[in-house]
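Asks: Could you have a look at this structure, given as structure tokens, before my questions?
The values are calculated or read from the model by the stated rules, or taken from the named source; none is laboratory data. Not measured: the values here are computed from a predicted model. Cβ sites come from the backbone with ideal geometry, for glycine too, and all protein chains shown count toward neighbours. Side chains are part of the model used for accessible areas, which takes the heavy atoms of the whole protein and leaves out ligands, DNA and RNA. Shrake-Rupley method; radii C 1.70, N 1.55, O 1.52, S 1.80 Å.
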Amino acid sequence: MSLILFIIALFVAATLFGWFLSVLRSALSIAFTIAIALLLLKFLFGIEPSEVLRPITRFVQSLGKELKLSQYTSGIDFAQLWYDASQFIQTTWQQLVNG
């Protein structure tokens, strides 16, 4: 009986883990697509990512207020996140190149 419960628990854990990896892969795919689109806007048209991300930030925050989720969305600032990520990549690249 305990072997059957162990097998069922193992199956449930494997299913949840697979679902988690699937969601993570989808989120990363979306994030990379957005990052590439922002880079293309910057290099092809000279549009800064913050000009695109600030209206999106305001929309997400207002949507959070409407849905009574402002405790989760009030601190979101996609432009600041983009700036921090680009600074992180730049310093990491410099450390890798310069040793």
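Asks: Output the residues belonging to segment 66-81 that are over 17 Å from Glu51 (Cβ atoms) and among the polar types (S, T, N, Q).
Replies: Matches in segment 66-81: Ser70, Gln71, Thr73, Ser74.
Asks: Right, here's the next one. Pick out the one residue from Ser70, Ser74 that is open to solvent by less than 60 Å² (accessible area, probe 1.4 Å) and modelled with pLDDT under 85.
Replies: Ser70
Asks: If you don't mind, another one. For Ile47, only one of the following conditions fails: (1) in a helix (DSSP H, G or I); (2) open to solvent by 50 Å² or more (accessible area, probe 1.4 Å); (3) touching a helix residue (DSSP H, G or I) at 6+ places or on another chain (Cβ under 7 Å). What is its number?
Replies: (1)
Asks: Let me ask you something else. Specify the residue that is farthest from the chain's Cα centre (by Cα); the eligible residues are those in segment 77-99 that are among the aromatic types (Phe, Trp, Tyr) and surrounded by 14 or more Cβ atoms within 10 Å (Cβ to Cβ).
Replies: Among them, the one singled out is Tyr83.
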